[in-house]
Amino acid sequence: MRVRWFQDGVELNSDTTRPNSNTVRITAAWTPQESGLMEVVCMADFEKYPSIPPKNNSAFIEVYAFSSPEIQVPTSQEGNLVNITCLVLNVSGDLELSLKKGNDILVSGSSSTGLTISHTVEAQAKLDGQQYICEAELKLQDQSMTSPVIKQQIETLHVLYKPRDTIMTISVNDKTISGNNTPMSSIPVEVTKGDEITISCKSNGRPSPTLEWVNPSNGSNIVIGPSGFLHIPYVTSEHQGIYKCRATNQYGIDEKEVDLRVKDETRKWNLIIIISIVIVLVVLIILSSHFCTAHGQLCKGNQPDIALGNTSDN
């Protein structure tokens, strides 16, 4: 005995198994090309005995059309309005369509055919990278036998904006001493001659900003690398001054700067020595004065006083 599946008079490709000598099992898989009610027929017959009439059994399958949802999130410059669109073009059945941001539903709608919904937002830098979800749910007539079919598409909002939140980080001898997102020129950073300094600069923006150092000092031995990197292996007084990091893209500029002050410890110690010598001399003079006063004499040296007067001959 042979067993076959038919749909609209066309035999379907199938796999046949025989669990035992009295049973034939046949399985067919195919993709329906149209929506609506479809009849499939299972036919059993004896190919070598055509005089024996075949036996048939049929089943009806409800076929639904349900195309994948589409979401359109255009890239926009900061300050402009962005129209986010969620749509399903081909569906048959009860469709629920939602446009979501995370778990929050921004707008929704229902239809038995195609459907388009949209939501408008103002492009802001804080929304750059925000994901939006277009979620379509097809509810079938007999929910007791099947679960709802849900399809999703996710798209990311890209906002074009000028550089901002520029941050400077300063390391002296591999130790970070400062780093903030406010102008640093009002609080000078003091370093010592001979220190090793690294200044790093970072900034946000879309497109990604180009970082450059503007008007660095005229001192030699300065290494300016990529991505906002400035390195001074050995600091001298020539390196003192204002270092400005400029972040630039096609939508604007953001700058941060630092006022670098260089201390020379050699001069400091020379000054301390000179002051110490002066203090010692002053103390010696004071002690000497007190010593002379205590002994009741004026300290005018070791030579005796000589008084000269007029003489006359007798």
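Evaluate the following for K256: is it at pLDDT 80 or above and in contact with a Pro (Cβ under 9 Å, 6 or more places away or on another chain)? Show your work before the answer.
On the way: at pLDDT 80 or above: yes; in contact with a Pro (Cβ under 9 Å, 6 or more places away or on another chain): yes.
Yes; evaluated as a whole, the condition is true for this residue.
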- request: Determine which single condition G102 fails, assuming it passes every other condition in (1) exposed (fewer than 12 other Cβ atoms within 10 Å of the Cβ); (2) in contact with a Leu (Cβ under 6 Å, 6 or more places away or on another chain); (3) small (G, A, S).
  value: (2)
field: Sole exception among (1) over 30 Å from G9 (Cβ atoms); (2) surrounded by 14 or more Cβ atoms within 10 Å (Cβ to Cβ); (3) among the acidic types (D, E) for D45, by number
entry: (1)
- request: Scan segment 228-242 residue by residue and report those that are open to solvent by 90 Å² or more (accessible area, probe 1.4 Å) and touching a residue at least 24 places away in the same chain (Cβ under 8 Å).
  value: Y234
- line: Residue hits (segment 195-227; free of Cβ contacts under 8 Å to residues at least 24 places away in the same chain, in contact with a strand residue (DSSP E or B) (Cβ under 6 Å, 6 or more places away or on another chain) and open to solvent by less than 80 Å² (accessible area, probe 1.4 Å)) are I222, V223
- prompt: Would you call R2 touching a Ser or Thr at 6+ places or on another chain (Cβ under 7 Å) and open to solvent by 60 Å² or more (accessible area, probe 1.4 Å)?
  reply: no
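Let me confirm something: among L157, L127, L115, which residue is open to solvent by less than 60 Å² (accessible area, probe 1.4 Å) and within 26 Å of S35 (Cα to Cα)?
Details: L157 fails: within 26 Å of S35 (Cα to Cα); L127 fails: within 26 Å of S35 (Cα to Cα).
Residue meeting the stated conditions: L115.
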- prompt: Looking at segment 24-133, what strands (runs of 3 or more DSSP E) fall wholly within it and have at least 1 residues that are of a type in the set (G, A, S) and either at negative phi or at pLDDT 95 or above (or both)?
  reply: 36-45, 55-63, 94-101, 104-111, 115-122
- prompt: Looking only at residues in segment 161-207 that are in a strand (DSSP E or B) and charged (D, E, K, R), which one is modelled with the lowest pLDDT?
  reply: K175
query: Is there a residue being within 30 Å of R164 (Cα to Cα), surrounded by 13 or more Cβ atoms within 10 Å (Cβ to Cβ), without any contact (Cβ under 8 Å) to a residue 24 or more places away in the chain and out of contact with any Leu (no Cβ under 6 Å at 6 or more places or on another chain) anywhere in segment 66-83?
result: yes
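Yes or no: segment 99-106 includes at least one residue that is closer than 15 Å to K151 by Cβ and either among the aliphatic types (A, V, I, L, M) or over 31 Å from the mean Cα position of the chain (by Cα) (or both).
Quick first cut of segment 99-106, residues closer than 15 Å to K151 by Cβ only: 99-100.
Remaining after also requiring either among the aliphatic types (A, V, I, L, M) or over 31 Å from the mean Cα position of the chain (by Cα) (or both): 99.
Yes.
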task: Return the total of residues in segment 9-22 being exposed (fewer than 10 other Cβ atoms within 10 Å of the Cβ) and either β-branched (V, I, T) or closer than 30 Å to F66 by Cα (or both).
output: 5
- request: List the number of the failed condition for V282; all other conditions in (1) farther than 25 Å from N173 by Cα; (2) modelled with pLDDT of 90 or more; (3) of a type outside the set (D, E, K, R); (4) out of contact with any Phe, Trp or Tyr (no Cβ under 9 Å at 6 or more places or on another chain) hold.
  value: (2)
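Do you know which of the residues in segment 29-42 that are of a type in the set (A, V, I, L, M, F, W, C) and under 15 Å from V63 (Cβ atoms) is most open to solvent (accessible area, probe 1.4 Å)?
The extreme case among them is L37.
The values are calculated or read from the model by the stated rules, or taken from the named source; none is laboratory data. None of the values given here were measured: they were computed from a predicted structure. Because the Cβ atoms are built from the backbone with ideal geometry, glycine has one as well, and the counts that use them run over all protein chains shown. Heavy atoms of the whole protein, side chains included, go into the accessibility calculation; ligands, DNA and RNA do not. Shrake-Rupley method; radii C 1.70, N 1.55, O 1.52, S 1.80 Å.
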